[in-house]
Structures are given as C-alpha cells and as structure tokens.
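Novice: Below: one structure in structure tokens.
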Amino acid sequence: MRLRVILLMVATSSLVLVSFLVPLALLLRLLAADHAISTATAQAQSIAPLVTTLTTGELTTSELGMTIDEVSAPTDTPVTVFLPSGTVLGEPAPRSAAVQLAAKDGRSFTAQAPGGEEVLVAVGGLPDNGTAVIRTFVPDSVLRHGVVRAWLLLGGVGLLLLVLSVAVADQLARSLVRPIRALAQAAVAARRR
C-alpha cells in the first residue's frame, strides 16, 4: 500500500509539473524571440533618421554606409539598407520578396526568412520619390538566446520538486500504513488467543 501511495503522488505531481512547466517553457521561448525582435526593431528605427538625411544632403551615401557598418558591428543582427536607387548599404543581403513588398507599400513589418527573421522598416520621402527599406536580420540563434539554459533550469526545478514530492509521499504513506499495520498485528494477536 505504501508503494501505491508513493506512485499515486508521483503520478499526480508529474502531471501538475508537466502542465505547469511546458507552457512556461514555451512562454520563455516566445519572450526570448520577442526581446530579440524588439531589439532589432529599435536598432532599425534608430537608423531611419540617418537615412532621411540623404534628402537634405547632410550625409552622403558613403558616409551613411560607414555609419550603418558602425551601428551594426557590435551586434549579432546585421543591418542592410536598400535605397530606392538600388544601392545596398551595410551588410550585403539579397533583396527578398519581403523587402520588395516593404519598399512598394511603404510598410514596416517582420517576416520569416531562412535561418531567422527579417525586421523591415520602410523610410519614405527620399530622393527619386522612393522608399528605402532598413532590414535587420535576426538569426535563429539570437531568437533563442538563453532558452536552452532556461529550459534546463526549469527541468532541474521540476526534478527537484518531483523528488520532494516523493519524500512527502513516503512520509504520508508511512503515516497511513502505520495504523493499518498496527491494526493488522492486533487482529493477528487477537486471533491467536
């Protein structure tokens, strides 16, 4: 009976832990990706005012290219600027369908790309009446940064809680079995008399 109580407690604890830890693990992955996308969006938006200086002549295209290289150098998310003239500044990247859509519609959005996600920020009002597109590429490694470590930590906490539930179940089972065992021994003793 003691083993059955322990197994019941382990099964119940396991179900509770799985129903709690799996959604939490998925939420952590989602939060990590959201943080990476937010950081990349802020990086792309910080470059947008520099791109608009092309209309005023404050920066030349080559100066803008050097500035973009400096901004994206310390990060894991390379930045590329596609100008309406066809010039590409920053990290070389192909002009994907999402980049073409952002340039055509003048919209900013995030799109799936092979190996990660593209954050696209459209900047209008440039020479040639075109729209420039600032593309920040967020690789999968950045989207999932720290997720494995957090999952391992959650797994360790879950395992610790499971071991703790076994210890509690063992004590509970002993407290339940002790009176039943005493009653059985008394019954055997009374039968012998």
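Novice: Restrict the check to segment 139-151 and report whether at least one residue is more than 25 Å from the chain's Cα centre (by Cα), closer than 30 Å to THR39 by Cα, of a type in the set (A, V, I, L, M) and at pLDDT 90 or above.
Specialist: no
Novice: A follow-up question, please. Do the conditions hold for SER38, that is, is it in a helix (DSSP H, G or I), in contact with a helix residue (DSSP H, G or I) (Cβ under 8 Å, 6 or more places away or on another chain) and of a type outside the set (Phe, Trp, Tyr)?
Specialist: no
Novice: I would also like to ask the following. Exactly one condition in (1) within 29 Å of the chain's Cα centre (by Cα); (2) buried (at least 16 other Cβ atoms within 10 Å of the Cβ); (3) not β-branched (Val, Ile, Thr) is false for LEU159; which is it?
Specialist: Every condition holds for LEU159 apart from (2).
Novice: Okay, next question. Does segment 88-105 hold any residues that are farther than 23 Å from VAL142 by Cα and loosely packed, with under 14 Cβ neighbours inside 10 Å, and which are they?
Specialist: Within segment 88-105, GLN100, LYS104, ASP105 qualify.
Novice: What residue, among those in segment 64-87 that are touching a Pro at 6+ places or on another chain (Cβ under 9 Å) and polar (S, T, N, Q), is nearest to ASP140 (Cα to Cα)?
Specialist: Per the stated criteria, the residue is THR77.
Novice: On to the next question. Just to be sure before I move on: is ALA44 touching a Ser or Thr at 6+ places or on another chain (Cβ under 7 Å), of a type in the set (Gly, Ala, Ser) and either in a helix (DSSP H, G or I) or at positive phi (or both) in the structure I sent?
Specialist: Yes; evaluated as a whole, the condition is true for this residue.
Novice: Looking at VAL166, VAL157, can you tell me which residue is at pLDDT 90 or above and within 30 Å of LEU3 (Cβ to Cβ)?
Specialist: Only one candidate passes the filter, namely VAL157.
Novice: So which of VAL16, VAL79 ends up being on the phi < 0 side of the Ramachandran plot, β-branched (Val, Ile, Thr), outside the structural domain of SER96 (by TED's automatic domain parsing) and under 26 Å from the mean Cα position of the chain (by Cα)?
Specialist: The match here is VAL16.
Novice: Suppose we filter segment 64-106 for residues that are part of a loop (DSSP other than H, G, I, E, B) and more than 13 Å from ALA132 (Cβ to Cβ); how many remain?
Specialist: The total comes to 11.
Novice: Moving to a separate point now. In segment 1-11, which residue that is crowded, with 16+ Cβ neighbours inside 10 Å and among the hydrophobic types (A, V, I, L, M, F, W, C) is farthest from LEU161 (Cα to Cα)?
Specialist: The qualifying residue farthest from LEU161 (Cα to Cα) is VAL5.
Novice: Now for a separate question. Somewhere in segment 118-136, is a residue of a type in the set (Ser, Thr, Tyr) and either in contact (Cβ under 8 Å) with a residue 60 or more places away in the chain or more than 30 Å from SER13 (Cα to Cα) (or both)?
Specialist: Looking for residues that are of a type in the set (Ser, Thr, Tyr) and either in contact (Cβ under 8 Å) with a residue 60 or more places away in the chain or more than 30 Å from SER13 (Cα to Cα) (or both), one finds at least one in segment 118-136, hence yes.
Novice: For segment 41-77, what are the residues that are under 30 Å from ALA150 (Cβ atoms) and touching a helix residue (DSSP H, G or I) at 6+ places or on another chain (Cβ under 9 Å)?
Specialist: Selection gives GLN43, SER46, VAL71, SER72, THR75, ASP76, THR77.
Table: residues versus (1) surrounded by 11 or more Cβ atoms within 10 Å (Cβ to Cβ); (2) touching a residue at least 24 places away in the same chain (Cβ under 8 Å).
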residue: SER13; (1), (2): yes, yes
residue: ASP69; (1), (2): yes, no
residue: VAL81; (1), (2): yes, yes
residue: GLY86; (1), (2): no, no
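The values are calculated or read from the model by the stated rules, or taken from the named source; none is laboratory data. Bear in mind that the values here come from a model prediction, so they are computed numbers and not experimental data. Virtual Cβ from ideal backbone geometry, glycine too; neighbours counted across all protein chains shown.
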